[in-house]
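**Q** This structure is in structure tokens; I'll ask about it shortly.
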Amino acid sequence: MKSILNILIFAILISGCSNKKEKSKVVLEKKAEKTELTKQLFTETEIAKYTMSTIMNQPPEIINVKDNNGIYYVSYIRKGDGKKFDYKIKFNGKYIIWGNSDGRWRDTQYDEKIKYSEKDNKLTITQTFEDGSNIEKQFSKSE
């Protein structure tokens, strides 16, 4: 009687394991589909360039970006006076954190929040300030 019970428990466990494998496979397939649907149109280098263009109100054509293991160093020379500016950018999901290249990250509650979104070959950079106001700029993939 005890051996029949052990066999029955073993059979239930095996059937439960194969069911979990099927569920895991379905979940993984759905995650893969979602990843393909949310594939980025713009590279992080491009997003860094357009972000700094938005923040500093400078044309993206004059902005240079270098990737250093996920920290993007952004620089430009202002046309009016030839002065060079250097910044850094990092990503936290759809949020962007920035700072002067040799300064602090602007990530306190008092700093503006910057996020990006992509839709229809357009990148939208949104700066939201502590008072709730915001600045939003759009860029096309062709720029």
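The values are calculated or read from the model by the stated rules, or taken from the named source; none is laboratory data. Just so we're clear, the structure is a prediction, and the values are computed from it rather than from any experiment. With ideal geometry, Cβ positions are generated from the backbone for all residues, glycine too; neighbour counts draw on all protein chains shown.
**Q** Out of all the residues in the range 67-84, which are surrounded by fewer than 12 Cβ atoms within 10 Å (Cβ to Cβ) and either assigned to a strand (DSSP E or B) or touching a Lys or Arg at 6+ places or on another chain (Cβ under 7 Å) (or both)?
**A** Residues satisfying the conditions are Asn68, Gly70, Lys84.
**Q** Another question, if that's okay. Where residues in the range 130-143 are over 14 Å from Thr43 (Cα atoms) and in contact with a strand residue (DSSP E or B) (Cβ under 8 Å, 6 or more places away or on another chain), which of them is surrounded by the fewest Cβ atoms within 10 Å (Cβ to Cβ)?
**A** Residues of the range 130-143 that are over 14 Å from Thr43 (Cα atoms), as a first pass: 130-138.
Okay, now just the ones that are also in contact with a strand residue (DSSP E or B) (Cβ under 8 Å, 6 or more places away or on another chain), so 134-138.
Details: Asn134: 13, Ile135: 14, Glu136: 11, Lys137: 16, Gln138: 14.
It comes out as Glu136.
**Q** Does Ile97 satisfy the condition of being surrounded by 13 or more Cβ atoms within 10 Å (Cβ to Cβ) and part of a helix (DSSP H, G or I)?
**A** Judged against the criteria, Ile97 is not a match.
**Q** Determine which single condition Leu37 fails, assuming it passes every other condition in (1) at pLDDT below 90; (2) over 25 Å from Glu136 (Cβ atoms).
**A** (2)
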